[in-house]
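The values are calculated or read from the model by the stated rules, or taken from the named source; none is laboratory data. Everything numeric here is computed off the predicted structure, so don't read it as measured data. With ideal geometry, Cβ positions are generated from the backbone for all residues, glycine too; neighbour counts draw on all protein chains shown. Surface areas here come from the heavy atoms of the whole protein model, side chains and all, with no ligands, DNA or RNA. Shrake-Rupley method; radii C 1.70, N 1.55, O 1.52, S 1.80 Å.
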Amino acid sequence: MKVPIEWLNEFVVIDIEPEDLAKRLTMRGLEVEGLEKLAPRFSGVIAGTITRIDAHPNADNLSVCSINTGREELTVVCGASNISVNDRVPLATVGAALGQDFVVGRRKVRGIESFGMLCSEKELGLTDDHSGIFILPDTVTPGSVLADLSIAHDTVLDVSVPPNRGDCLSVFGIAREVASILRQKAKLPNFTLQAYGDGRAEDEIDLAIHDTNACPRYVLKLIKGISLAPSPFWMRRRITRSGMRPINNIVDVTNYVMLELGQPLHAFDFERLTESRIEVKVAQGSSNFRTLDSIDRPLETGDILICDGSGPVAVAGIMGGENSEITGATKNMALESAYFNPFSIRATARRLGIRSEASLRFEKGIDIDNVGYAAERAMYLMHELAGGTVVKGQREIFEKRESRTIYITYSNINGLLGTHISRDAVTRALRSIDLHITKEDENGFIVSVPNFRHDIGETADIIEEISRIHGFEHIPDTSPVSVLKPQKLTRKERFLNLIKEYCLGTGFYEIINFSFFSVKDIENFLIPGDDERSRYVPIMNPISRDWGVMRTMMIPSVLRCMAYNLNRGAKNLRFFEKGKVFFRESAGGISERTMLCFAITGRQKEYSWKERHPDYDFFDIKGTIEGLMERLGVSCQVGATTEPFLDHGRGADIMIDGIKAGWAGAIRDDILQLYEIEQTIYCAELRFDIILEKGNLTLQYKPIPRYPQSTRDFSFYVDDGVPIAILVEKIKGISPLIVSVGIFDMFRKEMRSVSMRVVFQSYEDTLTDERINALQEQIIGELTKIDGISLRA
Amino acid sequence: MDISGLKEKIDSEVSRIGNIEDLKRVKVSILGRKGLFADYIDQLKTLDKDLRRDAGKAINEIKSWADVRLGELEKHFNDIERQKREQASLIDITMPGTTPVFGKKHPITLTLEEIIRIFASLGFAVAEGPDIETEFYNFESLNIPSDHPARDMQDTFYIRPGVVLRTHTSPVQIRTMEAQLPPVKIIAPGSVYRCDNDISHTPMFHQVEGLMVDKNVRFSDLKGILSIFIHDMFGPDTPLRFRPSYFPFTEPSAEVDIGCVICRGQGCRVCKDTGWLEILGSGMVHPQVFRNVGYDQEEITGFAFGMGVERIAMIKFGIDDIRQFYYNDIRFLSQF
């Protein structure tokens, strides 16, 4: 909300600097987001009086004026038609600067020399009005330097009004807060409504309300014989500075009073109201209604409608109808000032997509006690600006409500805030914002809440008011009195910490992607319809199709991320992401699952002067997973994979206790191409929930063997059909003395040859050669029994 | 027995030593089992007691002296040898070293861990909730009524009517309070979602929510705890202020600002000339929220706070575009 300080000053005396005021409002909860200093954007402009106007001899639409500046008489050629002799006008003398780059020169206009120019408001940067010359008030003395006058200066505060403080959506509302800050009392504008005609409004117009819940107060007043014209400078300037556009005196007054007092008003052409009546109704059923912007609006049950004898003339609180709007021909006008149900207005405004200044205020709740005063204020200003006769009396329906009262104790206040605010200070604080104590006892008091404070309903609301007036900076910093309890890490946190530590130590960069991807990703990865990963959760209102559904797998986003980096010159990447995937379950349920995703491409280092690093292969991704599982105390196996997106020569399922916990391998190159990736990518995706269930982080010391260990190497020919893992398991199963089996060589000539190193260790004694030899024979015996395995001599 | 001239003799032999081989040979000839001293020691046996003692002493002195001389010489030759070897294997120490590979945490994770560390040290436990929430947990239970502007489609991702992507981590407050009785002392980190995508908004971002509920929890405690947090996070001299604000689920509500880290409070573009940066929202739990979870709001009080992790990371690391967090550009990630 934009608040010109010049306007604010009408209700309170602003005797502090604008910056200070802004700071203090901010610390009151009305954050001042901007402070616009309006300074003259011109120089060399002085006030002058027009002493003579002659027609220009050589141009029909120009005139030649004599301007008295108090010191001299200057001739000026002027094109405007709104001037007359004796008008006080701004004269930009020769050399004057207007705006950024316009300098007024002495020049001949159609043969007549002009010593300057008369300026419009727009040329002086005061308003957007360029319809004629700016006529100054008579109080300005000729010769005065315009830049020195107060009309050229102001500061506009841009106040961010919290959504619950509708009462601050007016200059007067802000003035109430400022008055509390400056220990003053905000004063409403003082005026006397005069010029009553003969008749009475009660005899000329009818009013009925069908539902006082929808509209608990409605005031209708009449003014006759008005003439539409532009508003005076002062009003247009305030409206412009508040961020609205001046239109004509009648519309401007309704907007002005709304800005001033927070009460939206609506003007009807009285002659166009059929049967001279207004009825406030709640719509039943659907219909269409043409609003004054010539758009047909669909009305629905529940909308509040203002009707005349023939039907709707306005959508209450939102927009008037074309059929009753004020036109140039309007002479007699009916003015509406009312209170409409905030929820109803909000629902209608939201449905129609209209968020006007008026509906905004109705939605937040206006001051029901101010409805009549605002109507009188508007009548007074209309009469001042548009002439005419205000008809005596008014039509009004007002379903009065009890003012709210709240009981609160001092210990409520100081207990919640952790303060020692005195009774006096509490009373003073509340009184400063019109919350008055009606009854007091030893422990507390009853406070009555004015109707404009829709946000105050219980004790916490009162405490909030006291706290912000007392000032948060005066509330101490304390430590909670409760006992400090150490908080243990959850099992999940311990696992995640270890995983992150592992990734850090093994050279993975952590990435974080959005939780959404595209249905296209599921298609790209050839996920069949009966796979859970095709049961995606769609978003009703996504940002874009690319982010249209919640992801069911991590790898598409991770691939995109790799492509992004590969396109920017990176060649070697090691990425890790921990994130959630989401599935649609039966009966409308949704499940969430935490996943781990690893992806590597290229090689460990692009180059080294010492040695060449080999390109990553399947065993790098497999080893990453094996190392992680070992770290987390999980035993995992690999199995043949059916994942449709993996290269089946280089892919595997990761199994834990016979349950599939994920997969690892190279992504099919035709899928990589869909993500514009040319080089091989090895990935793995793992279910964190299974790891968390099966993992074991227990740390238990085992004695270190006191006896030396022995090793023996073996070489076998192994058929391609026999997985090496079978050999390893077989050997390990032979004796508890065999503590490790490793593969140290593999090559292929006619047959695959594998060399293994077996480590023997006893905890009880030193193993003799005889015992090891026996075990060696046993190993050879057991293995060569398997089809397709023979000992290499 | 004549030992005059012995020292001179040894001296002349030792001074003629030119290399380590000479040294070894001379050492044997003097100190060895059949060396120079062996003769003298044999002769000692023939002397009578008194003479033997004096002569023995004199010989021992010379022998110790010879030991030291030869030892020094040996060290000298060893040093020369080592220098030669080192010279032979000289490397260019300015060639690049072989760095072990190491990974990096995402700056969001770094920031989250830092926030969690501080609150954990103050006794807060980590709690979690689902990303896909019901409107009830995301809004109603938090006193955000159905006609509140925050519930417009333009702010919230809807899965279907009644189900949303959580717009904040505050639903975890409700889930935690429903599941346990006071005292409650939790922080809830997690992803949150809003329909925004521009230089200062991403459709997904991260928040940390905090909640402390007990008997006699005061607004001053909120100030105390958050001041500790900010001074730990941003440094002990960081200026901060609590400013009245509005949230539907707290009352009184306070926004917390820190002195702008860019301009040090002088006013700049980042802080919109205010000298302050907003970093978190907080307040005393609204009585309606307590009623919603069945807590007795006459008996207990509490405070809650919430902060955007990206925002804190941006301030801490000087990042000017929130989207950087989600491009995952290696040139970005490698800086943390």
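Against the conditions (1) in contact with an Asp or Glu (Cβ under 9 Å, 6 or more places away or on another chain); (2) farther than 30 Å from B:Pro244 by Cα; (3) exposed (fewer than 15 other Cβ atoms within 10 Å of the Cβ), where does A:Glu501 fall short? Just the number, please.
Unmet for A:Glu501, out of (1) in contact with an Asp or Glu (Cβ under 9 Å, 6 or more places away or on another chain); (2) farther than 30 Å from B:Pro244 by Cα; (3) exposed (fewer than 15 other Cβ atoms within 10 Å of the Cβ): (1).
Being open to solvent by 80 Å² or more (accessible area, probe 1.4 Å), of a type in the set (A, V, I, L, M) and modelled with pLDDT under 85 narrows it down to one residue among B:Leu47, B:Leu51, B:Leu36; which is it?
B:Leu51 is the lone residue from the list that is open to solvent by 80 Å² or more (accessible area, probe 1.4 Å), of a type in the set (A, V, I, L, M) and modelled with pLDDT under 85.
Exactly one condition in (1) within 16 Å of A:Phe340 (Cβ to Cβ); (2) within 35 Å of the chain's Cα centre (by Cα) is false for A:Ile278; which is it?
(2)
Kindly list the number of the only condition in (1) closer than 14 Å to A:Ile413 by Cβ; (2) more than 9 Å from chain B (Cβ to nearest Cβ); (3) open to solvent by 20 Å² or more (accessible area, probe 1.4 Å) that fails for A:Glu458.
So A:Glu458 meets the others, but not (2).
Which of (1) in contact (Cβ under 8 Å) with a residue 12 or more places away in the chain; (2) within 23 Å of B:Arg311 (Cβ to Cβ); (3) more than 8 Å from chain A (Cβ to nearest Cβ) does B:Phe77 not meet, given it meets every other one?
(2)
Looking only at the stretch B:228-250, filter to residues that are assigned to a loop (DSSP other than H, G, I, E, B) and within 29 Å of A:Asp455 (Cβ to Cβ); which one of those is least open to solvent (accessible area, probe 1.4 Å)?
B:Pro248
Counting only residues that are away from chain A (no Cβ under 14 Å) and in contact with a helix residue (DSSP H, G or I) (Cβ under 7 Å, 6 or more places away or on another chain), give me the helices (runs of 4 or more DSSP H) lying completely in the stretch B:264-332 with at least 1 of them.
The helices (runs of 4 or more DSSP H) meeting that bar are B:287-293, B:309-317.
On the given criteria, is A:Tyr607 of a type in the set (Phe, Trp, Tyr), crowded, with 18+ Cβ neighbours inside 10 Å and on the phi < 0 side of the Ramachandran plot? I'd like the intermediate steps shown before the answer.
Details: of a type in the set (Phe, Trp, Tyr): yes; crowded, with 18+ Cβ neighbours inside 10 Å: no; on the phi < 0 side of the Ramachandran plot: yes.
Against the criterion (of a type in the set (Phe, Trp, Tyr), crowded, with 18+ Cβ neighbours inside 10 Å and on the phi < 0 side of the Ramachandran plot), A:Tyr607 does not qualify.
So which residues in the stretch A:637-650 are open to solvent by less than 40 Å² (accessible area, probe 1.4 Å) and either in contact (Cβ under 8 Å) with a residue 24 or more places away in the chain or hydrophobic (A, V, I, L, M, F, W, C) (or both)? Reasoning before the result, please.
Here is the first cut: in the stretch A:637-650, the ones open to solvent by less than 40 Å² (accessible area, probe 1.4 Å) are A:639, A:641, A:643-646.
A:Thr641, A:Pro644, A:Phe645, A:Leu646 - these are the residues of the stretch A:637-650 that are open to solvent by less than 40 Å² (accessible area, probe 1.4 Å) and either in contact (Cβ under 8 Å) with a residue 24 or more places away in the chain or hydrophobic (A, V, I, L, M, F, W, C) (or both).
Are there any pairs, at least 6 apart or on different chains, whose C-beta atoms fall under 6 Å, with the first in the stretch B:109-126 and more than 11 Å from chain A (Cβ to nearest Cβ) and the second open to solvent by less than 40 Å² (accessible area, probe 1.4 Å) and of a type outside the set (A, V, I, L, M), and if so, which?
B:Ile118/B:Phe229
Scan the stretch A:543-567 for residues that are open to solvent by 50 Å² or more (accessible area, probe 1.4 Å) and at the interface with chain B (Cβ under 7 Å from one of its Cβ atoms) and jot them down.
Of everything in the stretch A:543-567, those that are open to solvent by 50 Å² or more (accessible area, probe 1.4 Å) and at the interface with chain B (Cβ under 7 Å from one of its Cβ atoms) turn out to be A:Ile543, A:Trp547, A:Tyr564.
What's the total number of residues in the stretch A:574-604 that are open to solvent by 60 Å² or more (accessible area, probe 1.4 Å) and more than 10 Å from chain B (Cβ to nearest Cβ)?
As a first pass, look at the stretch A:574-604 and keep what is open to solvent by 60 Å² or more (accessible area, probe 1.4 Å): A:578, A:584-587, A:604.
Restricting the remaining residues to those that are more than 10 Å from chain B (Cβ to nearest Cβ) gives A:585-587.
Of the residues in the stretch A:574-604, 3 are open to solvent by 60 Å² or more (accessible area, probe 1.4 Å) and more than 10 Å from chain B (Cβ to nearest Cβ).
Taking the stretch A:652-671 only, how many residues are part of a strand (DSSP E or B) and either more than 25 Å from A:Glu630 (Cα to Cα) or aliphatic (A, V, I, L, M) (or both)? Steps first, answer last, please.
The initial filter retains those residues of the stretch A:652-671 that are part of a strand (DSSP E or B), namely A:652-656, A:659-667.
Applying the additional criterion that residues be either more than 25 Å from A:Glu630 (Cα to Cα) or aliphatic (A, V, I, L, M) (or both) yields A:652, A:654-656, A:659, A:661, A:664, A:666-667.
Within the stretch A:652-671, residues that are part of a strand (DSSP E or B) and either more than 25 Å from A:Glu630 (Cα to Cα) or aliphatic (A, V, I, L, M) (or both) number 9.
Condition first: open to solvent by 20 Å² or more (accessible area, probe 1.4 Å), outside any helix (DSSP H, G or I) and in the same structural domain as B:Ile315 (by TED's automatic domain parsing). Can you find one or more residues in the stretch B:110-120 that meet it?
Going residue by residue through the stretch B:110-120, those that are open to solvent by 20 Å² or more (accessible area, probe 1.4 Å) are B:110, B:112-114, B:116-117, B:120.
Checking the rest, the ones that are also outside any helix (DSSP H, G or I) come to none.
No - not one qualifying residue is present in the stretch B:110-120.
Is it the case that the stretch A:602-619 has a residue that's within 27 Å of A:Phe516 (Cβ to Cβ) and at pLDDT 95 or above?
No - not one qualifying residue is present in the stretch A:602-619.
Mind listing just one residue for me: the one in the stretch B:261-285 that is modelled with pLDDT under 90 and among the hydrophobic types (A, V, I, L, M, F, W, C) and, of those, least open to solvent (accessible area, probe 1.4 Å)?
Step by step, filter the stretch B:261-285, then rank; the result is B:Cys271.
Do the conditions hold for B:Ile20, that is, is it among the aliphatic types (A, V, I, L, M) and within 15 Å of B:Ile62 (Cβ to Cβ)? Talk me through it step by step, then tell me what you get.
Numbers: among the aliphatic types (A, V, I, L, M): yes; within 15 Å of B:Ile62 (Cβ to Cβ): no.
No, not satisfied.
Quick check on my filter: what residues within the stretch A:487-503 are within 7 Å of chain B (Cβ to nearest Cβ) and under 18 Å from B:Pro189 (Cα atoms)?
Those that are within 7 Å of chain B (Cβ to nearest Cβ) and under 18 Å from B:Pro189 (Cα atoms): A:Gln487, A:Thr490, A:Glu493, A:Lys500.
Can you name every one of the strands (runs of 3 or more DSSP E) wholly within the stretch A:672-769 that holds 3 or more residues which are surrounded by fewer than 18 Cβ atoms within 10 Å (Cβ to Cβ)? Spell out the reasoning first.
Numbers: elements: A:681-687, A:710-718, A:738-748, A:752-760.
In the stretch A:672-769, the matching strands (runs of 3 or more DSSP E) lie at A:710-718, A:738-748, A:752-760.
Residues are listed down the side, and each one gets a yes or a no for (1) modelled with pLDDT of 90 or more; (2) open to solvent by less than 60 Å² (accessible area, probe 1.4 Å); (3) in contact with a Gly (Cβ under 7 Å, 6 or more places away or on another chain):
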site	(1), (2), (3)
A:Glu121	no, yes, no
A:Asp128	no, no, no
A:Thr155	yes, yes, no
A:Ser180	yes, yes, no
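Which of the residues that make up the stretch A:367-382 are out of contact with any helix residue (DSSP H, G or I) (no Cβ under 7 Å at 6 or more places or on another chain) and open to solvent by less than 50 Å² (accessible area, probe 1.4 Å)?
Of everything in the stretch A:367-382, those that are out of contact with any helix residue (DSSP H, G or I) (no Cβ under 7 Å at 6 or more places or on another chain) and open to solvent by less than 50 Å² (accessible area, probe 1.4 Å) turn out to be A:Ile368, A:Val371, A:Gly372, A:Ala375, A:Met379.
For the stretch B:148-199, give me each residue that is facing chain A (nearest Cβ under 8 Å), aliphatic (A, V, I, L, M) and surrounded by 19 or more Cβ atoms within 10 Å (Cβ to Cβ).
Matches in the stretch B:148-199: B:Ile159, B:Leu165.
I'm checking my understanding of the structure. Among residues of the stretch A:514-538 that are open to solvent by 20 Å² or more (accessible area, probe 1.4 Å) and at the interface with chain B (Cβ under 10 Å from one of its Cβ atoms), which one is farthest from B:Arg160 (Cα to Cα)?
Here the answer is A:Phe514.
Give me the residue from the stretch B:206-217 that is closer than 18 Å to B:Phe247 by Cβ and not β-branched (Val, Ile, Thr) and, out of that set, most open to solvent (accessible area, probe 1.4 Å).
Top of the filtered list is B:Gln207.
Please work out which residue is least open to solvent (accessible area, probe 1.4 Å), limiting yourself to the stretch A:27-46 and to residues that are within 29 Å of A:Leu98 (Cα to Cα) and within 14 Å of another protein chain (Cβ to nearest Cβ). Spell out the reasoning first.
Initial filter on the stretch A:27-46 (within 29 Å of A:Leu98 (Cα to Cα)): A:34-46.
Now drop any that are not within 14 Å of another protein chain (Cβ to nearest Cβ), which leaves A:34-37.
Numbers: A:Gly34: 24, A:Leu35: 61, A:Glu36: 92, A:Lys37: 113 Å².
Going through the qualifying residues, I end up with A:Gly34.
Residue under question is A:Asn213, and the condition is that it be assigned by TED's automatic domain parsing to the domain that holds A:Leu335 and surrounded by 22 or more Cβ atoms within 10 Å (Cβ to Cβ); does it hold?
So A:Asn213 does not fit the description; no.
Return yes or no: is A:Ile446 within 14 Å of chain B (Cβ to nearest Cβ) and in contact (Cβ under 8 Å) with a residue 24 or more places away in the chain? Can you show your working first?
Numbers: within 14 Å of chain B (Cβ to nearest Cβ): no; in contact (Cβ under 8 Å) with a residue 24 or more places away in the chain: yes.
So A:Ile446 does not fit the description; no.
May I ask you to list the residues in the stretch A:474-505 that are among the hydroxyl-bearing types (Ser, Thr, Tyr) and without any contact (Cβ under 8 Å) to a residue 24 or more places away in the chain? Break it down stepwise before answering.
Taking the stretch A:474-505 as the starting set, the residues that turn out to be among the hydroxyl-bearing types (Ser, Thr, Tyr) are A:478-479, A:482, A:490, A:502.
Those that are among the hydroxyl-bearing types (Ser, Thr, Tyr) and without any contact (Cβ under 8 Å) to a residue 24 or more places away in the chain: A:Ser479, A:Ser482, A:Thr490.
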